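Down below is the structure, laid out as structure tokens.
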Amino acid sequence: MANFNLRKAEPKDVADILRLIKELARYEEMEDQVKLTEKDLLEDGFGDHPFYHCVVAEVPTEHQKAEGYSVIGFAMYYFTYDPWIGKLLYLEDFFVMKEYRGFGIGSEILKKLSETAVKTRCSSMHFIVAESNQASINFYKRRGALDLSLEEGWRLFRIDKQNLLKLSAEE
């Protein structure tokens, strides 16, 4: 099955994007951490100043599984800036439904993102992969990705909303 289409996400896709985000979270055993709503995705990704961009993969009716989904994969990304190397494309989430893997869809999504990064003069693409997700680690490494946690020893940190509020209120 090589019959699929990649396209820029549209507002009508937010329900499918959220469904795929939840499927990815379920795969990573973190589904309870998904707090976003369709309204959030719509407001944050579409309009004059979107916080994210998204590519979706869809299949024609004849390739849909029993559930009837036509949107079967997505990649959510945004642009950021590194003071050492300049513009970056940051790949936030990337997922293809299990039953559609192995057909080159993920490779084509990554190619599309690479083209976007080159076209916008980004110096690189960054992303995070769960340590337990060996299949994805291998997928990226086969395409030339370096594991910066091993190569450079970087650690990822997060300040949650409660602590952001606390920090912002300090005098």
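State all residues of region 142-171 that are touching a strand residue (DSSP E or B) at 6+ places or on another chain (Cβ under 9 Å) and either over 30 Å from Gly102 (Cα atoms) or not in a helix (DSSP H, G or I) (or both); if no residue qualifies, say none. Break it down stepwise before answering.
Just the residues of region 142-171 that are touching a strand residue (DSSP E or B) at 6+ places or on another chain (Cβ under 9 Å), to begin with: 145, 148.
Once the filter is applied, which keeps residues that are touching a strand residue (DSSP E or B) at 6+ places or on another chain (Cβ under 9 Å) and either over 30 Å from Gly102 (Cα atoms) or not in a helix (DSSP H, G or I) (or both), region 142-171 yields only Ala145.
Take the residues of region 24-37 that are among the charged types (D, E, K, R) and either open to solvent by less than 40 Å² (accessible area, probe 1.4 Å) or assigned to a loop (DSSP other than H, G, I, E, B) (or both): which is farthest from Val96 (Cα to Cα)? Let's see the steps before the verdict.
First pass over region 24-37, keeping only residues among the charged types (D, E, K, R): 26, 28-29, 31-32, 35.
Narrowing the set further to residues that are either open to solvent by less than 40 Å² (accessible area, probe 1.4 Å) or assigned to a loop (DSSP other than H, G, I, E, B) (or both) leaves 28-29, 35.
Working: Glu28: 13, Glu29: 16, Lys35: 21 Å.
By that ranking, first place goes to Lys35.
Looking across region 91-125, the residues that are crowded, with 18+ Cβ neighbours inside 10 Å and part of a strand (DSSP E or B) come down to Leu91, Phe94, Phe95, Val96, Met125.
If the requirement is being out of contact with any His (no Cβ under 6 Å at 6 or more places or on another chain), among the hydroxyl-bearing types (Ser, Thr, Tyr), free of Cβ contacts under 8 Å to residues at least 24 places away in the same chain and more than 27 Å from Asn133 (Cα to Cα), which of these qualifies: Thr37, Thr61?
Numbers: Thr37 fails: more than 27 Å from Asn133 (Cα to Cα).
The conditions single out Thr61.
Taking the numbered list (1) out of contact with any strand residue (DSSP E or B) (no Cβ under 6 Å at 6 or more places or on another chain); (2) not in a helix (DSSP H, G or I) in turn, Phe139 passes all entries but (2).
Scoring Tyr81 on the criteria (1) loosely packed, with under 15 Cβ neighbours inside 10 Å; (2) within 14 Å of the chain's Cα centre (by Cα); (3) not in a helix (DSSP H, G or I) leaves a single failure, condition (2). Taken together, the residues in region 1-23 that are open to solvent by 70 Å² or more (accessible area, probe 1.4 Å) and acidic (Asp, Glu) amount to 1. For region 126-136, a residue qualifies if it is assigned to a helix (DSSP H, G or I) and farther than 22 Å from Arg26 by Cβ, but none of them does.
The values are calculated or read from the model by the stated rules, or taken from the named source; none is laboratory data. Because the structure is predicted, anything quoted here is derived from the model rather than measured. Cβ coordinates were reconstructed from backbone atoms using ideal geometry, including for glycine residues, and neighbour counts include every protein chain displayed. Ligands, DNA and RNA are stripped out before the accessible areas are found, and what is left, the full protein with its side chains, is counted by its heavy atoms. Shrake-Rupley method; radii C 1.70, N 1.55, O 1.52, S 1.80 Å.
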